[in-house]
1. Among the residues of segment 71-92 satisfying the criterion of being assigned to a helix (DSSP H, G or I) and modelled with pLDDT under 95, which is nearest to residue 32 (Cα to Cα)?
2. Can you pull out every residue in segment 191-200 that is assigned to a helix (DSSP H, G or I) and either surrounded by 21 or more Cβ atoms within 10 Å (Cβ to Cβ) or charged (D, E, K, R) (or both)?
3. Keeping to segment 56-70, report how many residues are among the hydrophobic types (A, V, I, L, M, F, W, C) and either exposed (fewer than 14 other Cβ atoms within 10 Å of the Cβ) or part of a helix (DSSP H, G or I) (or both).
4. Among the candidates 161, 187, which residue alone is polar (S, T, N, Q), surrounded by 16 or more Cβ atoms within 10 Å (Cβ to Cβ), in contact with a strand residue (DSSP E or B) (Cβ under 7 Å, 6 or more places away or on another chain) and in contact (Cβ under 8 Å) with a residue 40 or more places away in the chain?
5. Go through segment 93-116 and give me each residue that's in contact with a strand residue (DSSP E or B) (Cβ under 8 Å, 6 or more places away or on another chain) and surrounded by fewer than 12 Cβ atoms within 10 Å (Cβ to Cβ).
6. Which of (1) of a type in the set (Lys, Arg); (2) part of a loop (DSSP other than H, G, I, E, B); (3) more than 27 Å from residue 88 (Cβ to Cβ) does residue 153 not meet, given it meets every other one?
7. Look through 163, 188, 182 and report the one residue that is part of a helix (DSSP H, G or I), closer than 14 Å to residue 6 by Cβ and under 18 Å from the mean Cα position of the chain (by Cα).
8. Taking residue 63, is it in contact (Cβ under 8 Å) with a residue 60 or more places away in the chain and of a type in the set (A, V, I, L, M)?
Amino acid sequence: MIIKVCGMRDTQNIQEVAALGVDWIGLIFYPKSPRAIENEECRMKNEELNMKNSSFKKVGVFVNATFEEMMEAVAVYGLDYLQLHGDESPERCFSLQKRGISLIKAISIATIEDLEKTKTYEEYVDYFLFDTKCKHYGGSGKTFDWSILSAYKGNTPFLLSGGIHPGSVEAIRNVSHPQCAGIDLNSGFETEPALKDIEKLKFFLSQLSNNVRLAKRKAINN
């Protein structure tokens, strides 16, 4: 299971989270987000983040950004993935794909009908991220009805997002979809916007790991 911790910008906090063994770190490049890193006050230095031997992948989160803005961020921050959280078209995804960029397309979910949007992006992205539909771009900190995902029949793997918190372990275990590749963690593990609570994350990951092991053992015994 891929563990992505999103909405980070403090380099020390990133290193502490990385030490927990998470797979992906999400950096938000949407200026209206309280977790955005693209301003002079909190912009991270290239040499602090673009670590050649880092143990995690870096995901840049964008909302309707220009092609040039995304390409600059890839170069400056050494991004491994672009996560598109706006109204980006399949054609825009294809143009990025042709540049060798790995893509995650966020799809806002409230009803089964919202899953239809995945069909037009199926060929052009590496992952979907299913998040809770809300009136504004970005996360709401709320969970949608994950049972809706049983209707997803696509071939593209997805990450589960939206309102995940330290008490979500059992609910995550109950998501048995074959294309569920991982989870996206953000506001449910913060002491303040963009600053993650290391102890909360450590406890959650420990519980999640134990739960997965128990589930595997039960499956083998059955």
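1. Just the residues of segment 71-92 that are assigned to a helix (DSSP H, G or I), to begin with: 71-77, 90-92.
The next check asks that each one be modelled with pLDDT under 95; those that pass are 71-77.
Details: 71: 20, 72: 19, 73: 17, 74: 20, 75: 22, 76: 21, 77: 20 Å.
Only one residue tops the list, namely 73.
2. 199, 200 - these are the residues of segment 191-200 that are assigned to a helix (DSSP H, G or I) and either surrounded by 21 or more Cβ atoms within 10 Å (Cβ to Cβ) or charged (D, E, K, R) (or both).
3. To start, the set of residues in segment 56-70 that are among the hydrophobic types (A, V, I, L, M, F, W, C) comprises 56, 59, 61-63, 65, 67, 70.
If we keep only those that are either exposed (fewer than 14 other Cβ atoms within 10 Å of the Cβ) or part of a helix (DSSP H, G or I) (or both) too, we end up with 67, 70.
Total satisfying the criteria: 2.
4. On the way: 187 fails: in contact with a strand residue (DSSP E or B) (Cβ under 7 Å, 6 or more places away or on another chain).
Selected residue: 161, the only one of 161, 187 that is polar (S, T, N, Q), surrounded by 16 or more Cβ atoms within 10 Å (Cβ to Cβ), in contact with a strand residue (DSSP E or B) (Cβ under 7 Å, 6 or more places away or on another chain) and in contact (Cβ under 8 Å) with a residue 40 or more places away in the chain.
5. Filtering segment 93-116 for residues in contact with a strand residue (DSSP E or B) (Cβ under 8 Å, 6 or more places away or on another chain) gives 93, 96-97, 101-110, 114-115.
Hits for segment 93-116: nothing passes.
6. Tallying (1) of a type in the set (Lys, Arg); (2) part of a loop (DSSP other than H, G, I, E, B); (3) more than 27 Å from residue 88 (Cβ to Cβ), residue 153 fails exactly one: (3).
7. Numbers: 163 fails: part of a helix (DSSP H, G or I); 182 fails: part of a helix (DSSP H, G or I).
Within the list 163, 188, 182, the selection yields 188.
8. On the way: in contact (Cβ under 8 Å) with a residue 60 or more places away in the chain: yes; of a type in the set (A, V, I, L, M): yes.
In short, yes.
The values are calculated or read from the model by the stated rules, or taken from the named source; none is laboratory data. In this text, all values refer to a predicted model and were calculated from it rather than measured experimentally. Reconstructed Cβ throughout: ideal geometry from the backbone, glycine too, with neighbour counts over all protein chains shown.
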